[in-house]
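The values are calculated or read from the model by the stated rules, or taken from the named source; none is laboratory data. This is a predicted model, so every value here is computed, not measured. Every residue, glycine among them, receives a Cβ derived from its backbone with ideal geometry; neighbour counts consider all protein chains shown.
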Amino acid sequence: MMDGGGLELFREFFKEYNIYNIPCGNTGAQMGGWFRKEIKTVADLQGLKFRCGGFAGQVLAKLGVVPQQIPGGDIYPALEKGTIDAAEWIGPYDDQKLGFNKVAKYYYYPGFWEGGPQISLYVNQKQWASLPKEYQTILEDACLYAHAEMQARYDAKNPNALKQLVGAGTQLRPFPNDVMAAAYKAAHELYEETAAKNPKFKKIYEPWKKFREDQLQWFAVAENRYDNFMQQANRNAKAAKK
């Protein structure tokens with residue numbers, strides 16, 4: 001988005017809708033959500049009423065999930081009453097404040113449909129053009145600050161919130177590999193189907209896909225090796241203290 005041509009492509013797209021878009025935040029990879037029962041295989045997703053909308057809902061529907069469109073304030077009572085079987089929101093810091101752990105004990109990760117969800121500020125194109133250049137710069141700089149600050153705050157606040165949730169009885173679970181693999185396959189099928197029917201989607205999707213492939217190759221080198229080593233070293237250090 002910031003240094004790979006994405007922003008230019010998106011601005012070209014939004015211009016048709018009289019919108020000037022400015023990146024304005026990112027949560028980092030989100031959690032997969034709160035479930036009333038364990039998810040052990042893809043079969044466990046069949047008929048699951050899951051609060052997860054938008055494009056992600058279309059992907060999960062391919063796996064048998066029944067996506068539910070429910071606003072944030074209605075998630076807790078829906079989970080409590082069993083109207084829905086599961087719900088995703090954001091991550092430990094936000095989820096803890098809404099008390100989802102009191103009505104669903106299984107907390108799954110990662111939210112593979114939101115591996116790095118970037119938030120944007122939308123400004124009316126004509127109003128944007130009418131602003132003095134100095135004001136445009138001020139607004140873009142403020143958004144850039146918010147973009148960095150949001151990620152920093154989530155990285156700082158999520159660890160302690162997760163510890164508190166687990167300490168209160170939350171059962172932390174990774175999505176099984178077969179679920180992740182099935183979702184990956186379903187997602188790319190949906191991307192290709194959409195690209196075949198929607199030229200505007202394809203124009204952004206194709207260069208994004210190439211950029212992601214390059215990034216995955218690069219992150220598999222230094223970042224991946226460093227992160228894996230540090231995770232194991234930290235576990236070993238804790239085990240030695242016991």
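One table, with the values for the structure above:
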| read-out | value |
| --- | --- |
| Some residue of segment 9-19 being acidic (Asp, Glu), at pLDDT 95 or above and in contact with a Lys or Arg (Cβ under 9 Å, 6 or more places away or on another chain) | yes |
| Residue ID - farthest from residue 36 (Cα to Cα), chosen from residues in segment 83-125 that are of a type in the set (Asp, Glu), outside any helix (DSSP H, G or I) and at pLDDT 95 or above | 88 |
| Per-region count, segment 39-57, residues at pLDDT 95 or above and either part of a loop (DSSP other than H, G, I, E, B) or polar (S, T, N, Q) (or both) | 6 |
| Residues (among the small types (Gly, Ala, Ser) and over 22 Å from residue 112 (Cβ atoms)) located in segment 141-188 | 142, 146, 148, 152, 156, 167, 168, 169 |
| Residue satisfying all of: in segment 193-242; among the hydrophobic types (A, V, I, L, M, F, W, C) and in contact with a Phe, Trp or Tyr (Cβ under 9 Å, 6 or more places away or on another chain); farthest from residue 2 (Cα to Cα) among these | 195 |
